[in-house]
1. For a quick check of understanding: with a 1.4 angstrom probe and all protein chains in place, what accessible area in square angstrom does Arg235 have, to the nearest ten?
2. In nm, to one decimal, how far is the Thr516 label point from the Phe424 one, both placed 7 Å along Cα→Cβ?
3. Could you sort Thr1084, Thr24, Thr647 by accessible area so the largest value comes first, with the probe set to 1.4 Å?
4. If the chain between Thr1110 and Thr254 were fully stretched, how many nm would it gain, using 0.36 nm times the residue separation less the Cα-Cα distance?
5. Please sort 845-855, 513-523 by packing, taking for each peptide the average over its residues of neighbouring beta carbons within 10 angstrom, highest first.
6. Which of the peptides 1115-1122, 884-891, 476-483, 962-969 is most tightly packed, and how do the rest follow, judged by the mean count of other Cβ atoms within 10 Å per residue?
7. Of Asp411, Asp769, Asp943, which has the most accessible area and how do the rest follow, probe 1.4 Å?
8. Amide H of Thr925: which non-local residues (sequence gap of 5 or more, or other chain) have their own amide H closer than 5 Å, using H built in the peptide plane?
Amino acid sequence: MREEIAPAWERVTEFTKAAQEKGTEAVTWAVRLSSGLASFGVSLPSPELAHVLVSHVFWANEGPLAWKYLEKAIAAGLAPPMLLIALLSSRSLSLSLSLCLSLILGSFRVLPYFLITENQIRIMIMVSVDDVLHLSEIFGIQASEPGTLVVEFTFCIVWQLLDATLDDEGLLELTPEKKSRWPTRSYEMDIDGKDYYLKTGYSESLRKQNSVKAVELILHFLQNKKISRLISLARENMPCQWSSFTQHLGLLSTNSSALRNSSLQLGTLKQLGGQCHGTSHSTLWIPIDLYLEDCIDGSVAATNAIEILSGLLKTLRAVNQATWHDSFLGLWMASLRLVQRERDPHEGPVPRLDSRLCILLSVTTLAIATIIDEEEANPIGEVEQTIQWKRKAACGNCRQGLVSCLQILGDYESLLAPPSSVTFAANLAAAKAMISVSGLPNGSGFLECINLNDNSLNCSGNLWHLIVEACISRKLLDTSAYFWPGYVSGKMKPIPHNMTSQVAGWSTLMKGAPLTSSLVNALARNPASSLAELEKIFEIAFNGSDDDKVSAASILCAASLIRGWNIQEHAVRFAMKLLSPPVPIDYSGTDSHLISHGPVMNVVLTGISSVDCVQVFSFHGLVPELAGALMAICEVFGACVPNIAWTITGEEVTAHSVFSNAFILLLRLWKFNHPPLEYCIMGDGAPVGSQLTLEYLLLLCNARLLSSCNSNKECGSKNGMSITCSSLTQPIFVDSFPKLKVWYRQHQACLASTLSGLVHGTPVHQNVDGILNMMFRKINRVSSQSVGPGASGSSSLSSSSGPGSEDSHARPMLPAWDIMEAVPFVVDAALTACSHGRLSPRELATGLKDLADFLPASLATIVSYFSAEVTRGVWKPAFMNGTDWPSPAANVSIVEEHIKKIVAATGVDVPSLVDGPEGGSSQATLPLPLAAFVSLTITYKLDKASERFLNLAGPALENLAASCPWPSMPIVAALWTQKVKRWTDFLVFSASRTVFHHNDDAVVQLLRSCFSATLGFSGSQISTNGGVGGLLGHGFGSHFSGGLSPVAPGILYLRTYRCIKDIIRLTEEILSILMQSVKEIAETAASKERFELLKKTKNGLKYAKGSLCTAMAKVKVAASLAATFVWLSGGSGLIHGLIQEMLPSWFLSVHELDEDGRCGSLAYALGGYALAYFAAICGIFAWGIDSMPSSKRRPRIIESHMEFLASAMDGKISLGCDSALWRGYVSGFLSLMVDCAPSWVVEVDVGVLRRLSRGLRLWNEDELALALLRKGGVGAMASAAEVILASD
């Protein structure tokens, strides 16, 4: 066929030459040419004709008429426009650009017809264009669909114009490649450049003129809606090439003389990355406030707060479309509010101010450092670098955002006022800056001189100075921050040189001074100021003499750990290393190498046992690793007989002491006293944290080990953060610790069923008998009977069932694990004897206290036994009458009054604690196990020695009492407040929480109060302005003027939700309350709009729009609050069920939001957007927005939900909800996916995306339909191009 029509092309060439010579009009030429080609049977548009015409024009007959012929050939559909332009550009677009301009624009106008060209011809055109421009080779994408070729072609033409302009101006040499990947000069073609220039009259002036026209053409392309959209598809799907393109574009914008000579500006080019405009209003960052406050609950988390906080900030920045400046400002202010909310927290076994300061100065700083590291990490040659560049371009440099935000942070004086306990540290930070500004020597020894006289140090320091120091220490800022306006007030006078030698501090240690008692005390009181100082003390703790090791360990776990905010991530890591020392290379002993480290370990264990210290480990994500180290210590020291002992600072420390300290700390890391089937039965409905078991902690520990092995980057970033590298060398499992495993299985059996299995004559029975005789030796001396175990574990009074009377008081010399195995049977025997009247309550409490004193670790088993027994309901109640058991009568009425005052803001009724005319003292009862445990805890003195044991017993007592019928916890609070007055606030607040444990309706009312307080609805007793202040209030405690005040509903919810059993039902209630809130918002907006329209002013329309914007803002806040509650309460598992099951079911049902017709369709439209925000934010919190999902289930769940949306839009699913609500949801959810989580879109099947896009276009949502396809990856690029070309 080609041979048959070959003469036609000769005729075409001759005909065109003749037409040019005669000056034939282009229209006439095109009509005759079309007729002639038809006679030869040539199909149009013809690729061969394109080759003939271009060759004819450029080889011999270039002129104005020739260009008109080409333009008419395109308009008449004689030659494929893409191929014509491709052939022209392959020779040189910089030539005769003034003539080429209209041709290129005309080609782009007729591109849509390419999509409907006959398939065989279209394939030929695609192959020809690809052969000419090598698009598949350059872009790495095979153009199997027409739309894909259109995108590649458009990007190619614009890029060629750009490089041609750079080449003409001599700027191409400044690019990394030093040349263009496209032909830009005539010498790149098979013609003689000099002769060609002479022939065509191509002069320097023409070159400059063409450069200006090329720049204008580039700008025209980017301003053309259709072309710019096609180019944006290249940006989305060709990151490597896009990076190179933007580099060239940057050269043009900064160095081009043609641009300066152009009347246009290059603002369009600079905005290719898009601009984000945000706000730092506090309501936008409520999820951060809630998360930070939740961290202070006291429940130990096995997650890493730094990672969660950095991910949360990135997601909120995307949702709020905020700049980094606004995002960081929102984070800092939320952290400052956390500190100010409890400047003087109430006493008790709960986190206090140190935990809050750790979040502000360590966790927040490290979270920001993580984000900055991610942005600035730019691995050469990887695709990820360009993806990161795209995100950077949107809102500017991350580090610059931090600097600008910190500069204005100093204006918020009320938030920056330091609590009294950190005033000196703030002054010291300000003094450091003052010294630097004054030009004085800035060394730690110089600052230590100031330490001699606190009263002389008045530098007006505040939390701003501490924040800046924390950032400087992690290289997020440099010391130029000291010169910021207002940062330093005044100058410091020099201190006499002879004063520095008198100071004993860290500088003294660094000079090699020995660890004297005075130096140890000084170092323990003052945190290290640098990593070098911390490394020095760790080196001594690891390799020093025995005495120095103990001293150094005590220093490391003192102020440097709890208040060394600038080096805290290193301090916790060093403490971990002291708890898990490696086996020496030359070690050959039969016993574990850990035994020789007993003294140091004991110092570390006692040093990190405070509630705040454990929280610090939790914040830094070290709970799993800490649990692994503690298991190893327990396994070894629990098998040692107690005669292994050391003397530390005059106090004897035995193997039992080390074991007990490690074991109690271990049990505080997981829900050891919760029924083991609780989280299995509830599944995804279980509260977050209830799944913590030893197996789960070890799973996380091993995962961290694997992650650490796979990535050395985690063990040291450019900011020096060594926060995630594991100190373990091998995976560990429960089976790795046989002794611990035996106790663990017995513990689980004890929780799951009644105690049984004790056999007479066995070693366990003998140990039980010996321990009982030790506990009740006084009773045994005056009675012929003693408390002893029965055959099945139940107790009886047996005669002389133990060692001889002369040895009955002796303490059993048993390994700790043997004692722990016997303790459940011992407690069971004692409690049964008390219930039968053979043991008085006082004797029971005394005996249990003796057991706990003998082996403090036994307190944990006592807790688990009582926790299990109180749920069985087999024990008779104990009457708290003041005769047999202590009476709460003196404080019950006060506790009741305080509880009512605390929950007053929620509108919840508190059941009465007094049920009789006699004041209730004779009516107070507790389940016997709870009464016994309360009596035991009351025997403890509230001193430093007992603190670490009460830190276990206190929360356990609260949890145990909360699981008992009302009013068990208020009675416990009344009993304890008689013992410890300064714990009153903690105990009363704990009692107030149980109001919600026993009443599901009260929980729903509490949630309503949270939404009302946040949105500023009437009826809130905390705040009528709403926002964070209304939700979380300003703290709790009787230290406020006027005594106890109502506690903000958000605080009550955060301290309550972990004890709510059915979280799935709670989520349904949250969804219902969200829609009720939307209805109220819509009614308010509608009433305001009607009112403004009645005013008959010409600004009425503006007012109506303003009320709608206000309504939308409130809807977004309500949805964000609801999503945060769901995320915190149920975690990602609950959100999976929400997206897959709960929301689809909701849409299939009928819901009325405007029964009375007060707000029309507005309620449904706002309801749809509220649900969209709610669902999207839930998903973002659970899965993140990164291209690598934090959950492997994300792609499957998103795909499932998108299929549901597409099927409903296709009419395959019948919905029960209002159409306006459904449309608002679909549009809102897909918009948030596109704008905030584009990585989700890529994970959806292209076919589903096409169906969604088609449905959106039917709703006239053309922009969203296109955006969805644009974000769909290479597979959806062709469909996106087709939509663009088909648009008006």
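The values are calculated or read from the model by the stated rules, or taken from the named source; none is laboratory data. Here the structure is a predicted model, which means the values were calculated and not measured. Here the Cβ is made from the backbone with ideal geometry for all residues, glycine too, and neighbour counts use every protein chain on show. Surface accessibility is based on the protein's heavy atoms, side chains included, excluding ligands, DNA and RNA. Shrake-Rupley method; radii C 1.70, N 1.55, O 1.52, S 1.80 Å.
1. We get 40 Å² for Arg235.
2. 2.0 nm
3. Details: Thr1084 60, Thr24 25, Thr647 110 Å².
Most to least solvent-accessible, the answer reads Thr647, Thr1084, Thr24.
4. Details: separation 856, 0.36 × 856 = 308.16 nm, distance 4.17 nm.
Gain on stretching Thr1110 to Thr254: 304.0 nm.
5. Numbers: 845-855: 20.9, 513-523: 15.8.
The densest-packed peptide leads the list: 845-855, 513-523.
6. Details: 1115-1122: 24.9, 884-891: 20.1, 476-483: 15.6, 962-969: 21.6.
Ranked from most to least packed, the peptides come out as 1115-1122, 962-969, 884-891, 476-483.
7. On the way: Asp411 120, Asp769 15, Asp943 65 Å².
From most exposed to least exposed: Asp411, Asp943, Asp769.
8. Long-range HN contacts for Thr925: Met880.
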